[in-house]
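See structure below.
Read-outs: derived from the displayed coordinates by stated rules, not from any lab. This structure is a prediction, so every number in the text was calculated from the model and none was measured. Cβ placement follows ideal geometry from the backbone for every residue including glycine, while neighbour counts extend to all protein chains displayed.
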Amino acid sequence: MTQSITLPRPDDWHLHLRDGAMLQGVLPETARHFARAIIMPNLVPPVVTLADAQAYHGRIMAALPKGMHFEPLMVLYLTEGTDPADVAAAHASGLVKAVKLYPAGATTNSHGGVRDIDKVRGVLEKMAEIGLPLCVHGEVTTPEVDIFDREAVFIDTVLDPLRRSIPGLRVVMEHITTEQGVAYARAGGDDLAATITTHHLIINRNHILAGGIKPHYYCLPVAKREQHRLALRAAATSGEPRFFLGTDSAPHVDALKEHACGCAGCFTATNTMPLLAHVFEEEGALDKLEHFAARNGPAFYRLPVNKTTMTLTKGAAAQWPDKILTEAGPVTVFNPGFPVHWHVEG
Ligand code: NCD
Ligand code: ZN
């Protein structure tokens, strides 16, 4: 018996497309399956103003192959110099759907991010007033805090005080990786949500470190213990409106991943939907995949659910390229380490 499921076309609520040759190479991988994506602004230099976002949007649309349909949802990179009036104008333009908070030094190209949260209060208060979501990279950067604890410490010492001090601020906890993240998102009101990546549903820290170091499994926030992966699986497959897909697909060329100081990021744009079908089937929750990948995100971002659909069918072992060959260099596609039998139709 063929098993198949049809869902509204999915969206990706956290995606890195980069720029130039890399953008050109990776954009079709996302546009093939996803109708829309929240586009991360951590370019060099970052996408800080409405004008930057308009220009980047233009470059993305110019890189989109003819015949493909895709809507980039633009995001501004919050700096201590961000002007609340520019953020309000960005929101009013309809092009910009969120602002991203990177604690300075937390991840790739975050050095221009925020050191002192008090310096951005004016912007955050404006965002609370107009209902523009803040996407948060939730890790402290304090060198004394163990890298495996940085998310949990951020929630207690930064995120919770921030949310209490700016009531009404709509927050997306990006790429949560811990049971503490799941619990905090669950306990919030409808002004709080959390994205979960594909790879954090599949790997724990052993996959990165046991039996030889696997640079293609290294990302930030780093994958944690098994108990956390299981908490993420339970949250993603619960159907609860708080949780939705943000792949955090983050391409880096192999030369920079397989390096003495390797870059953080897993590239999952190519195979996310087959992988998610596999995970949701394992959890006996295939009927919840549409909530996670196609319904909960638009509800939080106050956008319509896509009218077109995607069908996934179970059959022979799925195949995808090991690498995407871009003009910037090869990018290794995330390898789950087990066979997957789900295919996207069409
Ligand atoms: C992202 C990147 O490469 O831009 N890397 C990652 O490991 N996820 C940045 C980020 O989202 O933290
Ligand atoms: Zn990211």
Out of region 89-109, which residues are more than 11 Å from ligand 1 (Cβ to nearest atom) and either in a loop (DSSP other than H, G, I, E, B) or within 13 Å of Y77 (Cβ to Cβ) (or both)?
A90, G94, L95, V96, A98, V99, L101, A104, G105
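Does region 197-210 contain at least one residue that is small (G, A, S), surrounded by fewer than 17 Cβ atoms within 10 Å (Cβ to Cβ) and away from ligand 1 (no atom under 13 Å from the Cβ)?
From region 197-210, those small (G, A, S) are 210; that's our starting set.
When the remaining residues are screened for being surrounded by fewer than 17 Cβ atoms within 10 Å (Cβ to Cβ), the result is 210.
Keeping just the survivors that are away from ligand 1 (no atom under 13 Å from the Cβ) gives 210.
Yes: region 197-210 contains one or more residues that are small (G, A, S), surrounded by fewer than 17 Cβ atoms within 10 Å (Cβ to Cβ) and away from ligand 1 (no atom under 13 Å from the Cβ).
For the condition crowded, with 18+ Cβ neighbours inside 10 Å, more than 14 Å from ligand 1 (Cβ to nearest atom) and within 19 Å of P251 (Cα to Cα), what is the one hit in P72, P28?
Values: P28 fails: crowded, with 18+ Cβ neighbours inside 10 Å.
Step by step, each of P72, P28 is checked, and only P72 is crowded, with 18+ Cβ neighbours inside 10 Å, more than 14 Å from ligand 1 (Cβ to nearest atom) and within 19 Å of P251 (Cα to Cα).
Within the group A98, A89, A128, which residue is of a type outside the set (F, W, Y), surrounded by 14 or more Cβ atoms within 10 Å (Cβ to Cβ) and within 16 Å of ligand 2 (Cβ to nearest atom)?
The conditions single out A98.
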Applying the selection to region 211-253, what residues are surrounded by fewer than 17 Cβ atoms within 10 Å (Cβ to Cβ) and touching a Ser or Thr at 6+ places or on another chain (Cβ under 8 Å)?
none
Unmet requirement for C261, which otherwise passes all of (1) assigned to a loop (DSSP other than H, G, I, E, B); (2) buried (at least 19 other Cβ atoms within 10 Å of the Cβ):
(2)
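Identify, from the list M61, M22, the residue that is within 16 Å of ligand 1 (Cβ to nearest atom), in a helix (DSSP H, G or I) and hydrophobic (A, V, I, L, M, F, W, C).
Numbers: M61 fails: within 16 Å of ligand 1 (Cβ to nearest atom).
Answer to the selection: M22.
Working carefully through the options P103, P72, P41, find the one that is under 17 Å from the mean Cα position of the chain (by Cα) and more than 29 Å from T326 (Cβ to Cβ). Full working, then the answer.
Details: P72 fails: more than 29 Å from T326 (Cβ to Cβ); P41 fails: more than 29 Å from T326 (Cβ to Cβ).
Going through P103, P72, P41 in turn, the sole match is P103.
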Looking at T49, T79, can you tell me which residue is touching a helix residue (DSSP H, G or I) at 6+ places or on another chain (Cβ under 9 Å), in contact (Cβ under 8 Å) with a residue 12 or more places away in the chain, away from ligand 1 (no atom under 16 Å from the Cβ) and within 25 Å of T157 (Cβ to Cβ)?
T79
